[in-house]
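Data first, discussion second: the structure below is written as structure tokens.
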Amino acid sequence: MVKLHTIQHMFAHHSEFKCRSVQVGTQMLHVLFISSLADEKLIQEAVLHEIQCPPVTRCHVIITPEVLLNALPIKEAYISDELVDISSKLLNGWCYVQFEQLDQGLLLNTAALPHRTLAKAEIETDIFGSQVAFVERLATNLGLIYQLLPDTKLHSEVIQIGTATKTTVSLLYLEGAADAHIVEQLKMRVAELEPLNGVFDSLKLAQLIDDNSSTLFPTILHTERPDRVCKFLLEGKISLLVDGCPFAIVCPVTLYEFLHVNTDMNARRSIGILLRLLRITAMFFSIFGTAFYVAAITFHYQILPPELLKTLIRSHSKVPFPPIFEALLLEIVVELLREAGVRLPTKVGQTMGIVGGIVIGQAAVEAGFVSNVLLMIVALAALASFTIPNFSMSNTQQILRFPFIILAGFWGGIGIVIGISFLTIHLARQTSIGKPYLQPQSILSTRTEEHAKVHPWWSVITRSAASQMVKRNKDFKE
């Protein structure tokens with residue numbers, strides 16, 4: 001039996017905890033709720049007013065939880081006598097009606113949790129297509145997905161993790177498209193996190209369920225776009241939504257999918273392929289551009305054309321430092337400017353990045369600390385890193401520049417080849433929830449359903465278009 005004083009003692013330290021007592025005939029009913037989480041207007045009109053309503057008080061001499069359950073106009077309510085369940089629901093905005101001299105009470109969903117309205121995607125912006133992004137409310141995010149993908153095969157399973165936070169995690173997958181073994185494996189990994197104190201966002205959850213959290217490369221994708229999540233679900237992937245976080249987790253994924261954006265799917269196929277090739281080229285230049293310059297100037301100047309070599313020698317003649325130190329100094333300055341621009345307010349950060357880059361770069365060249373050619377190469381490498389649509393992958397390639405510059409400064413081209421070999425071996429060993437991280441994925445040709453379980457971005461459209469064309473031809477012949 002749940003005693004009233006037990007609940008009051010449990011929430012004595014909550015200043016927003018309220019207890020309203022109502023006398024109905026010879027009975028005393030107590031309505032318990034937390035005012036900052038519950039809708040007080042709904043409690044007043046749909047609970048307190050209905051309890052004192054004449055049809056309830058006249059028809060029944062003794063009001064029981066079963067009678068009140070059928071009389072109150074609350075869409076979600078049930079009878080409970082478990083103290084853990086009652087306290088958990090009260091902390092989620094529900095109210096509890098306590099009946100004196102009865103073992104059971106009535107839990108009513110009167111939650112009015114604070115949440116923000118739908119807004120445009122700020123990180124994964126798109127000129128065409130949907131402009132809606134996820135919010136911090138799980139119910140709203142699930143509604144956005146069901147609106148775009150109203151399929152009975154879409155499964156949504158709820159898992160609660162965290163002993164203190166009791167965070168709700170929703171696991172979404174499309175039956176028949178997703179790998180059942182991966183689904184069960186992911187459920188087990190999330191369920192194992194239940195004893196933790198708390199998980200607040202999907203970024204931390206991704207690190208906890210990752211195959212190898214020590215690698216620099218992200219193996220689980222985050223997105224704020226509901227339409228992108230639905231596209232991944234159609235391709236047989238699994239998505240995780242965390243209550244209180246506006247980002248969804250998608251897995252398993254490959255390295256190439258971190259270079260994809262929604263614009264590729266909305267644009268023509270040829271344009272989408274060119275944009276992807278441009279991003280791949282930019283990624284390679286961002287990682288290896290400065291390292292190739294250091295290797296060429298230090299060891300392999302014979303491969304450079306004479307006129308270009310003269311320009312490089314003339315540019316580097318005033319610099320008293322070796323190329324490796326010069327390159328590392330410039331890369332560190334670029335990273336400092338980037339970090340300062342992110343931490344400062346938006347308008348101040350943009351001004352800081354532009355003015356700081358121009359002033360520091362010009363001053364460094366005039367003072368003879370760096371050469372103007374290297375300054376241009378580092379600036380182009382920084383610009384190329386901005387073309388990577390995924391923030392985690394962009395951070396990874398920023399870090400990878402430094403070891404390749406060091407290898408190029410000590411061993412030249414051989415050091416770069418050794419670094420690429422180790423990098424390739426490392427990537428080949430990585431998996432994303434059991435799936436190979438370097439799983440082949442063509443960007444130039446389509447793959448049919450018989451040859452691959454994970455389809456390229458245009459197969460979502462081509463399969464439906466092909467089926468409609470077959471149906472039209474059949475109707476025409478009939």
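The values are calculated or read from the model by the stated rules, or taken from the named source; none is laboratory data. In this text, all values refer to a predicted model and were calculated from it rather than measured experimentally. Don't worry about glycine lacking a Cβ; one is built from the backbone with ideal geometry, like all the others, and counts go over all protein chains shown.
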Per the list (1) in contact with an Asp or Glu (Cβ under 8 Å, 6 or more places away or on another chain); (2) closer than 20 Å to SER432 by Cβ; (3) charged (D, E, K, R), residue check on LYS153 breaks on (2)
Checked the stretch 280-332 for anything touching a Lys or Arg at 6+ places or on another chain (Cβ under 8 Å) and not aliphatic (A, V, I, L, M); matches are SER286, THR290, GLU331
All but one of (1) at pLDDT 85 or above; (2) hydroxyl-bearing (Ser, Thr, Tyr); (3) part of a helix (DSSP H, G or I) hold for THR57; state the number of the condition that does not hold.
(1)
With respect to GLU100, is the statement that it is without any contact (Cβ under 8 Å) to a residue 40 or more places away in the chain and either out of contact with any helix residue (DSSP H, G or I) (no Cβ under 7 Å at 6 or more places or on another chain) or closer than 25 Å to MET28 by Cβ (or both) true?
no
Of all residues in the stretch 281-308, how many are surrounded by 15 or more Cβ atoms within 10 Å (Cβ to Cβ) and in a helix (DSSP H, G or I)?
16
When (1) within 20 Å of the chain's Cα centre (by Cα); (2) not assigned by TED's automatic domain parsing to the domain that holds VAL334 are applied to PHE391, the one that fails is (2)
List, please: which pairs have Cβ atoms under 7 Å, are six or more places apart or on different chains, and start with a residue in the stretch 152-165 that is at positive phi and end with one that is exposed (fewer than 15 other Cβ atoms within 10 Å of the Cβ) and in a loop (DSSP other than H, G, I, E, B)?
GLY162/ASN197; GLY162/GLY198
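Residues checked against (1) out of contact with any Gly (no Cβ under 7 Å at 6 or more places or on another chain); (2) assigned by TED's automatic domain parsing to the domain that holds TRP411; (3) over 30 Å from GLN160 (Cβ atoms):
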residue	(1), (2), (3)
GLY244	yes, no, no
THR263	yes, no, yes
LEU274	yes, yes, yes
LEU277	yes, yes, yes
PHE284	yes, yes, yes
PHE288	yes, yes, yes
TYR293	yes, yes, yes
PHE299	no, yes, yes
LYS310	yes, yes, yes
Among all residue pairs at least 6 apart or on different chains, which show Cβ distances below 6 Å where the first residue, located in the stretch 277-288, is within 12 Å of PRO389 (Cβ to Cβ) and the second is among the small types (Gly, Ala, Ser)?
ALA282/ALA384
If we scan the stretch 339-360, do we find a residue that is of a type in the set (A, V, I, L, M, F, W, C) and in contact (Cβ under 8 Å) with a residue 24 or more places away in the chain?
yes
When residues of the stretch 255-289 are limited to those that are among the polar types (S, T, N, Q) and modelled with pLDDT of 90 or more, the one farthest from SER394 (Cα to Cα)
THR281
Among HIS9, HIS30, HIS49, the single one that is over 25 Å from ASP85 (Cα atoms) and either modelled with pLDDT of 80 or more or not in a helix (DSSP H, G or I) (or both) is HIS49
What do you reckon, is GLY356 modelled with pLDDT under 90, surrounded by fewer than 19 Cβ atoms within 10 Å (Cβ to Cβ) and at positive phi?
no
Taking helices (runs of 4 or more DSSP H) that do not extend beyond the stretch 62-179, which have at least 1 residues that are within 23 Å of VAL22 (Cβ to Cβ)?
65-71, 83-90
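Do you know which of the residues in the stretch 245-261 that are hydrophobic (A, V, I, L, M, F, W, C) and more than 12 Å from the chain's Cα centre (by Cα) is farthest from TYR437 (Cα to Cα)?
VAL261
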SER213 - would you say it is under 29 Å from LEU37 (Cβ atoms) and under 19 Å from the mean Cα position of the chain (by Cα)?
no
Of all residues in the stretch 309-336, which are assigned to a helix (DSSP H, G or I) and of a type in the set (Gly, Ala, Ser)?
SER315, ALA327
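Yes/no matrix, rows are residues, columns are (1) under 19 Å from GLU257 (Cβ atoms); (2) at pLDDT 50 or above; (3) among the small types (Gly, Ala, Ser):
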{"residue": "PRO389", "(1), (2), (3)": "yes, yes, no"}
{"residue": "THR424", "(1), (2), (3)": "yes, yes, no"}
{"residue": "ALA452", "(1), (2), (3)": "yes, no, yes"}
{"residue": "ASN473", "(1), (2), (3)": "no, no, no"}
Return the only residue of LEU108, LEU72 being closer than 21 Å to LYS166 by Cα and under 40 Å from the mean Cα position of the chain (by Cα).
LEU108
Hey, can you tell me all the residues within the stretch 387-414 that are farther than 17 Å from ILE377 by Cα, β-branched (Val, Ile, Thr) and not in a helix (DSSP H, G or I)?
ILE388
Quick check: is even one residue across the stretch 275-298 at positive phi and not basic (Lys, Arg)?
no
